[in-house]
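One structure is given here, and the rest of the page talks about it.
The values are calculated or read from the model by the stated rules, or taken from the named source; none is laboratory data. As the structure is a prediction and not an experimental result, all values here were calculated from the model. For neighbour counting, all protein chains shown are included, and Cβ atoms are generated from backbone atoms with ideal geometry for every residue, glycine included.
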Amino acid sequence: MRLKRGILLILTLLICTACISTAYAQEAQELTGRCAVVLSGGKGSVADLTDHDYTTQWKAPKSGGTLTVQAPEGIPLSGIYLLWDKLPKTLYFSVDSGDGWMDYPVTDHRLLHQYVDLPDVRGIKLESREEPMILNELRLYGPGDLPKDVQRWNPPCEKADLLLIPTHPDDEDLFFGGTLPTYAGQYGKNVQVVYMTQATRRRRHEALDGLWLVGVRHAPVFSPFEDMYCDSLSEAEQAYHIPEVTGWQVEMIRRFKPLAIIGHDIEGEYGHSVHKLNARCLQKAVEQAGKDGFYPASQKQYGLWDTPKCYLHNWPENQRLMDWDKPLSFFGGKTGYEMAGEAFRCHLSQQNGHHAMSKEGRRDCRNFGLYRSLVGPDVMLDDFLEHTDEALAAFQAAPSSPTASLIPQAPEAIPEPADNPGEVPEARWPVAVGASLIALALLLAIGQMRKALLRARRSSHPRQ
Ligand SMILES: [Ca+2]
Ligand SMILES: [Zn+2]
């Protein structure tokens, strides 16, 4: 009797496991077109929010603008994806779970592309209070796994393996080629991108789309420096205050403590003056970040950091052509070069025919030289992180108190997410809890079966 019950329990559990894995394997349905979306106040229409175009939007007034969403009959809403033109400082968000409207505090609110998880609701309301709200796009999702193109950014790295310092959004693809698809996507390394210019909001959207596509999962950082066109390096030196640019780079290096940095060509690739300026400031910054007394504010905040390796595009020493033509399994066999090309096409505002991926001349996105190294020259010449394991081991072996600057310090009190950029750790805990419960129940069931068997044996061999 007990034996039968045990077998039954195991069978039930196996069915449950199958059900849970099927539920998690199911992709969330996009329900935007099936929801009733109503805008009140401001300029723009629901069509502007659903045309997949960052240049059209709904502009809510300073106060009293509302966006209301009603879920389709019988399907709850599990998430809302908001692509902002201008992020309001505070988001006034409420949900209707079936028992009327309730405030729904949204704390994770930092980037132009924002996904908000919802506890399966019937309705959503967004209000503008005290400040205008400009929304470019809106998408709504039902329960299930989110499609890959819904961006859920992790905070910037606490400690980066690679730090890239492109000047404008798209330079990371055009001039650093397969770096991001290979290191962020394929290898799942902690890769941090910091743009030396602020970029327009449209270009920031394009940057996020391009970076997400090639597997970057840590939010990029944009500098406070405006994007200015300069005819020559001397004009760029006038327009940008060099100690400020260098100081900002020093701060980024100290904050992200990279094993290797990738920067521009000192000749500015096709001669771009601000690319030149960026590379030349970086030559100073990489020295000064590790030295006492330079830029004391960032030294106080993050400590010193002497980066083991710094590469510059087209630098003539310890030069190599990186092989970006290897098929990458993370991208279904597409190469790093192909993925960088796809990411470049995310920069819609830059598709004017002047720029394209290249394997020739100073635009060759494979050509890098080791500008500065604390770990000797590269021997294999095929890996930006060659020899950095030894550097890392040496740093970790160093006593912690006198070299506190070498220990990663969190600029934000958010735990560092898992290395694998394809995973969203928060979404995995229900599976882990479910699996643990099932394992426990299985153990109990097996125990019960063992007891039943022993009893059966004892009854056939009664004690004397
Ligand atoms: Ca739009
Ligand atoms: Zn550029």
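Listed here are the residues, each with its yes/no results for (1) touching a residue at least 40 places away in the same chain (Cβ under 8 Å); (2) of a type in the set (D, E, K, R); (3) in a loop (DSSP other than H, G, I, E, B).
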{"site": "Pro72", "(1), (2), (3)": "yes, no, yes"}
{"site": "Ile75", "(1), (2), (3)": "yes, no, yes"}
{"site": "Trp84", "(1), (2), (3)": "yes, no, no"}
{"site": "Gly98", "(1), (2), (3)": "no, no, yes"}
{"site": "Met102", "(1), (2), (3)": "no, no, no"}
{"site": "Pro105", "(1), (2), (3)": "no, no, yes"}
All but one of (1) at pLDDT 95 or above; (2) small (Gly, Ala, Ser); (3) within 18 Å of Cys281 (Cβ to Cβ) hold for Gly178; state the number of the condition that does not hold.
(3)
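Conditions tested, residue by residue: (1) out of contact with any Pro (no Cβ under 8 Å at 6 or more places or on another chain); (2) within 27 Å of Phe294 (Cα to Cα); (3) surrounded by fewer than 21 Cβ atoms within 10 Å (Cβ to Cβ).
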position: Gly178; (1), (2), (3): yes, no, no
position: Gln192; (1), (2), (3): no, yes, no
position: His205; (1), (2), (3): yes, no, no
position: Pro224; (1), (2), (3): yes, yes, yes
position: Leu233; (1), (2), (3): yes, yes, yes
position: Ala260; (1), (2), (3): no, yes, no
position: Gly268; (1), (2), (3): yes, yes, no
position: Val274; (1), (2), (3): yes, yes, no
Residue among Lys284, Lys257, Lys300 that alone is within 23 Å of Gln186 (Cβ to Cβ) and more than 16 Å from ligand 2 (Cβ to nearest atom)
Lys257
Looking only at residues in the stretch 130-169 that are within 16 Å of ligand 2 (Cβ to nearest atom) and not hydrophobic (A, V, I, L, M, F, W, C), which one is surrounded by the most Cβ atoms within 10 Å (Cβ to Cβ)?
Pro169
Would a scan of the stretch 156-174 turn up a residue that is among the polar types (S, T, N, Q), farther than 29 Å from His355 by Cβ and away from ligand 1 (no atom under 16 Å from the Cβ)?
no
Within the stretch 94-125, residues within 16 Å of Gly74 (Cα to Cα) and among the small types (Gly, Ala, Ser) come out as Ser97, Gly98, Gly123
Filter result for the condition that a residue is farther than 23 Å from Glu342 by Cα, surrounded by 23 or more Cβ atoms within 10 Å (Cβ to Cβ) and modelled with pLDDT of 95 or more, over Arg254, Arg217, Arg280:
Arg254
Just for the stretch 48-63: of the residues that are within 11 Å of ligand 1 (Cβ to nearest atom) and hydrophobic (A, V, I, L, M, F, W, C), which one is nearest to His347 (Cα to Cα)?
Leu49
Look through Tyr295, Tyr311 and report the one residue that is assigned by TED's automatic domain parsing to the domain that holds Lys257 and on the phi > 0 side of the Ramachandran plot.
Tyr295
Residues to consider are Ala343, Ala356; find the one that is aliphatic (A, V, I, L, M), in a loop (DSSP other than H, G, I, E, B) and either closer than 18 Å to His264 by Cβ or outside the structural domain of Arg201 (by TED's automatic domain parsing) (or both).
Ala356
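Within the stretch 205-294, considering only helices (runs of 4 or more DSSP H) that don't extend past its boundaries, which have at least 3 residues that are among the small types (Gly, Ala, Ser)?
Once the helices (runs of 4 or more DSSP H) in the stretch 205-294 are filtered for at least 3 residues that are among the small types (Gly, Ala, Ser), what remains is 233-239, 273-288.
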It is to be established whether one or more residues within the stretch 260-274 are of a type in the set (S, T, N, Q) and farther than 18 Å from Leu381 by Cα.
yes
For Ala25, the lone unmet condition from (1) under 26 Å from the mean Cα position of the chain (by Cα); (2) modelled with pLDDT of 95 or more is (2)
Taking the stretch 344-359 and the residues there that are farther than 10 Å from Gly177 by Cα and aliphatic (A, V, I, L, M), the one that is farthest from the chain's Cα centre (by Cα) would be Ala356
